[in-house]
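What follows is a single structure, written as structure tokens, with notes after it.
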Amino acid sequence: MNRVIYSVSSSLDGYIKDANGDFSWAYPTEEVIDAITADMSDVRTYLYGRRMYETMAVWETDPSAADQSPASASFARTWQAADKVVFSTTLPEVWTKRTRLERELTADAVNRARAESPGDLTIEGPTLAQSALKLGLVDVVEVLICPVVIGEGTRIFPDDLRVSLTLTRERRFANGMVQVTYDVG
């Protein structure tokens, strides 16, 4: 069965963005982008909340994003080839190809996306992923830890979550980032 992977960048103290919404400290190097793109080779569907979709849509709507480097161009091709499911009660419509809008995150909606996907799925955006974790819908947690402490902001995990994790991989990058992958359960 296809896996649902919570893929997230995090400060060392567990935040996806700071209190002002800034996450520029998480910008990956070419080495990290190449590694993430390789990780995504089995991913065929992205599950997004509204804000994450709005952030990631540039990989299709803004050619300058792909023009930044060969690694960025490769990621843009990977992103555009995948299906996207956006969960939002406020977004009026989606504007990228291969994208559909769902109004509510439910086990049925995620399991339908899982059944329709020819490969793994990622779930991105802290609010959406936290809800999916609470519903028991996430199979893998993959955290890209950035070498920064920001003190406050949006946490990558909800305070009331308790879940057992088994470390399956760790790797280090020259810029000080470390990626850790865990199976859930």
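The values are calculated or read from the model by the stated rules, or taken from the named source; none is laboratory data. Small disclaimer: the values here were computed from a predicted structure and weren't measured. All Cβ positions, glycine included, derive from the backbone under ideal geometry; neighbour counts span all protein chains shown.
Residues in the range 89-104 that are in contact (Cβ under 8 Å) with a residue 12 or more places away in the chain and farther than 22 Å from Gln130 by Cα: Val94, Trp95, Thr96, Lys97, Arg98. Each residue in the range 130-146 was checked for being at negative phi and in contact with a helix residue (DSSP H, G or I) (Cβ under 9 Å, 6 or more places away or on another chain), and 8 pass. All conditions in (1) part of a strand (DSSP E or B); (2) in contact with a helix residue (DSSP H, G or I) (Cβ under 7 Å, 6 or more places away or on another chain); (3) touching a residue at least 60 places away in the same chain (Cβ under 8 Å) hold for Lys17, with the sole exception of (2). Would you check which residues across the range 28-41 are of a type in the set (Ser, Thr, Tyr) and at pLDDT below 90 and list them? Of everything in the range 28-41, those that are of a type in the set (Ser, Thr, Tyr) and at pLDDT below 90 turn out to be Thr37, Ser41. Among the residues of the range 150-185, those identified as outside any loop (DSSP other than H, G, I, E, B) and among the hydroxyl-bearing types (Ser, Thr, Tyr) are Thr154, Thr166, Thr168, Thr181, Tyr182. Against the test of being touching a strand residue (DSSP E or B) at 6+ places or on another chain (Cβ under 8 Å) and under 23 Å from Phe87 (Cβ atoms), the options Thr154, Thr168 yield a single qualifying residue, Thr154.
Please go through the range 109-138 and pick out each residue that is in contact with a Leu (Cβ under 9 Å, 6 or more places away or on another chain), buried (at least 17 other Cβ atoms within 10 Å of the Cβ) and not in a strand (DSSP E or B). Of everything in the range 109-138, those that are in contact with a Leu (Cβ under 9 Å, 6 or more places away or on another chain), buried (at least 17 other Cβ atoms within 10 Å of the Cβ) and not in a strand (DSSP E or B) turn out to be Val110, Ala113, Arg114, Gly125, Leu128, Ala129, Gln130, Ser131, Ala132, Leu133, Leu137. Consider the range 35-50 and keep the residues that are crowded, with 17+ Cβ neighbours inside 10 Å and in a helix (DSSP H, G or I). The one that is farthest from the chain's Cα centre (by Cα) is Ala35. Evaluate the following for Ala65: is it under 24 Å from Asn20 (Cα atoms) and not aromatic (Phe, Trp, Tyr)? Spelling it out, Ala65 is indeed under 24 Å from Asn20 (Cα atoms) and not aromatic (Phe, Trp, Tyr). Going residue by residue through the range 73-91, is there one that turns out to be modelled with pLDDT of 90 or more, in a strand (DSSP E or B) and in contact with a Gly (Cβ under 8 Å, 6 or more places away or on another chain)? Yes, because at least one residue in the range 73-91 is modelled with pLDDT of 90 or more, in a strand (DSSP E or B) and in contact with a Gly (Cβ under 8 Å, 6 or more places away or on another chain). Any chance the range 65-74 includes a residue that's over 20 Å from Leu144 (Cα atoms), surrounded by 18 or more Cβ atoms within 10 Å (Cβ to Cβ) and in contact with a Lys or Arg (Cβ under 9 Å, 6 or more places away or on another chain)? Taking every residue of the range 65-74 in turn, at least one turns out to be over 20 Å from Leu144 (Cα atoms), surrounded by 18 or more Cβ atoms within 10 Å (Cβ to Cβ) and in contact with a Lys or Arg (Cβ under 9 Å, 6 or more places away or on another chain).
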